[in-house]
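A short worksheet on the structure shown next.
Throughout, read-outs are computed from the coordinates displayed, never taken from laboratory work. Not measured: the values here are computed from a predicted model. Positions of Cβ are generated from backbone atoms using ideal geometry, with glycine treated the same way; all protein chains shown enter the neighbour counts.
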Amino acid sequence: MGNLLSKLKIGRFVGAGHFGQVHEGDDPVHGKVAVKRIVRKYDDDDTQWDARKAGAQEEAQNLKKAHHRNVVTVHHYVEDDTDELILYVMEFCEGGSLAEPYKAGPIPIDQMRSIATDCLSGLGHLHANGMLHRDIKPGNLLRDSRGRTKLGDFGLVTDRIVQGYGSPGDYAYSDHMAPEVLQGAPTSPKTDIWATGVTFYRLLSGKQWHEEHAPGMPAVMAGRFADKLIWLPHVPADWRRAIRLMLRPDPADRYQTVHAVEKAVAALSIHPAWECAVSPEEITWRRQKGARTHQVVWDRSDPKKSSWQAWSEPTDGIGNKRTLGGTNKPVTAKTAHNQLTKFFATQT
């Protein structure tokens, strides 16, 4: 692609979202950057396009107020020399988004608390400066070169766009809209708290488990979403309680501020931190405890004949294997899930 009026150079394609494509870029002042390209629509007349540009420029000025270690920095706004393109030039996050870790599987609770702490710190800063995010999801949580989590794509979403969720790219995240938004109410700090709660549940579950068990938009509309969540058995009770409180159907019953959520998250357990892998046939868990490795395997290839086994063995391979629990005969998937939940609750 060609040079632009600002001497900004556009490089390789990184990804696409609701608002356009993201590319790497090289900026004369900021060096390596991320560039979000918002292209003029084919049916935009001059008046409509001029209005979009004016709105984008005003929004870019607003976004530049959000200087925080957990918010992606917006450097500046550029219009290309063809007058067909709007560019947001932003900080480049080397670690990419949490969309790929989410697809790979559940995130251990020790890592999850660090992610949650960063996310809430950035969100609290936006709220304190009179801004809402409106689109919190794994793909909008980015990691810098230090592994720090930052909020991206804030400020670009409007209530009009939120109400229009349902396109193929967005429908999978429709349950991130709080029930009051689905009923026509405007977004608010408490709707950001809802979306953050759903995001935390997703990251603790991983894509495979979430797609199997997420209650979906009908449960949101019915006010039953939090009650219908099915958790992976190793997720501790305090994490479940905190996230359910973020997902109360009545906004008056949720945490009232991001600061209140931050305090709750700071007190959440981070041990034992199990590494978990989920497939349609089995779920495995693994953790290190002293000189021994603890492992759990849940065979769920047949929902009517589930089984699970837990054991520990010396990490160096010298010594005896010890049985920690398991089934003596096949059980239903629901029974196995209940037994595993009780088992993990006893582990320290």
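A few comments on the model shown:
- In order through the stretch 261-275: 3J(HN,Hα) via Karplus (6.51 cos²θ - 1.76 cosθ + 1.60), integer Hz, x for Gly, Pro: 5, 4, 4, 5, 5, 4, 8, 6, 5, 10, 9, x, 9, 7, 7
- Take every Cα pair under 8 Å whose residues are at least 6 apart in sequence, average their separation, divide by the length of the chain, and the relative contact order is 12 percent.
- A Cβ-based charge dipole, computed about the Cα centre of the stretch 1-126 with Lys and Arg at +1 and Asp and Glu at -1, lands at about 500 debye.
- Most positive-pole-ward Cα, 15, 119, 56, against dipole of the stretch 1-157 from beta carbon charges: 119
- Remark: the chain carries a charge dipole of roughly 1820 debye about the Cα centre, counting +1 on each Lys and Arg Cβ and -1 on each Asp and Glu Cβ.
- When the convex hull of its Cα atoms is viewed from all sides, the chain shows a mean projected area of 20.1 nm².
- Positive dipole terminus of the chain, leading residue within 85, 39, 276 (C-beta point charges): 276
- Range in the chain, longest, excluding exposed GluC sites (Glu not before Pro) [loop by DSSP; at most 14 other beta-carbon atoms within 10 Å]: 95-280
- The mean sequence separation of alpha-carbon pairs under 8 Å and at least six residues apart, normalised by the residue count of the stretch 9-91, gives a relative contact order of 26 percent.
- Only the Cβ atoms of Lys and Arg (+1) and of Asp and Glu (-1) were treated as charged; on that basis the dipole of the stretch 279-345 about its Cα centre amounts to roughly 260 debye.
- Each label point was placed 7 Å from the Cα along the Cα-to-Cβ direction; for residue 24 and residue 322 their separation is 4.9 nm.
- Loop sites in the stretch 189-254: trypsin sites (Lys or Arg not before Pro), DSSP, at most 14 other Cβ within 10 Å: 224
- Translational D in µm²/s for the stretch 9-91 (Stokes-Einstein at 25 °C, 0.890 mPa s, Kirkwood Rh from C-alpha pairs): 183 µm²/s
- A convex hull fitted around the alpha carbon atoms of the stretch 279-345 yields 85 Å³ per residue.
- Model label zone, residue 224; criterion: amide N under 15 Å from point 7 Å along Cα-to-beta-carbon; scope the stretch 175-217: 214-217
- In the chain, a dipole from Cβ-located charges (positive for Lys and Arg, negative for Asp and Glu) runs towards its positive end, and of 231, 243, 325 it is 325 whose Cα lies farthest in that direction.
- Computed lengthening from residue 269 to residue 50, 0.36 nm per intervening residue step minus Cα-Cα distance: 73.7 nm
- Contour excess over end-to-end distance, with Cα ends at residue 260 and residue 128 and 0.36 nm allotted per residue: 46.2 nm
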